[in-house]
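Laboratory data are not the source of any read-out in this text; all were calculated from the coordinates shown. No experiment lies behind these values; they were computed from the predicted model shown. Every residue, glycine among them, receives a Cβ derived from its backbone with ideal geometry; neighbour counts consider all protein chains shown.
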Amino acid sequence: MRSLAVLFLEEEQFCVLQACNGDEALRIARTQDRIDLLLTDVEMGDSPDGIDVASVILAERPGLSVLVMSGFPDSERKALEKGFAFVAKPFTGTSLRQRVREILASKLPPQSETRANLRTGDKSRAVC
């Protein structure tokens with residue numbers, strides 16, 4: 001699923017930083033200067049779940065946008081309780097890209113240069 005999400009986002013010219021588990025996501029988040037959005041799956045194998053990883057990263061990067069994805073109905077409630085945006089799996093490329101753009105646009109002040117870039121193809125960075 002991660003590879004598919006990366007493909008969908010890279011088709012829109014997003015710069016995607018991939019992590020294969022929660023520990024790697026934490027390492028990446030701690031070494032990159034600019035990350036605009038954390039996209040995480042709730043289920044991440046043997047490592048901490050995606051909501052826990054997002055909570056740790058958000059504590060270190062206040063204001064970071066977080067989008068949680070999952071195919072489990074309980075996950076949406078858990079993500080929303082933490083204040084994280086949610087997208088249900090399965091999703092289409094169009095729906096994922098639209099959700100990412102909505103979240104990034106909601107964090108920007110009106111009429112900003114970055115907002116214009118979101119419409120014309122930016123280089124926003126996301127950890128997936």
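The figures follow:
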{"read-out": "Residue-span extension gain [residue 61 to residue 81] - 0.36 nm each, minus C-alpha spacing", "value": "5.3 nm"}
{"read-out": "All aspartates and glutamates inside 12 Å of residue 82 as judged from Cα atoms, apart from same-chain residues fewer than 8 positions distant", "value": "52"}
{"read-out": "Amide H partners (placed H, <5 Å) of residue 107, local residues excluded", "value": "none"}
{"read-out": "Per-peptide average of other Cβ atoms within 10 Å, ordering 60-68, 25-33 highest first", "value": "60-68, 25-33"}
{"read-out": "Distant-in-sequence amide H partners of residue 47 (H built 1.01 Å from N, under 5 Å)", "value": "22"}
{"read-out": "Hydrodynamic radius by Kirkwood, which averages 1/r over all alpha carbon pairs of the range 1-95, in angstrom", "value": "13.5 Å"}
{"read-out": "Calculated from backbone phi, Karplus (6.51, -1.76, 1.60) coupling profile of the range 3-15 in Hz, x at Gly/Pro", "value": "4, 5, 4, 4, 4, 4, 6, 5, 4, 9, 6, 6, 8"}
{"read-out": "For the range 28-80, convex hull volume per residue from C-alpha positions, Å³", "value": "77 Å³"}
{"read-out": "Ordering of 8-18, 35-45 by packing [mean C-beta count within 10 Å, highest first]", "value": "35-45, 8-18"}
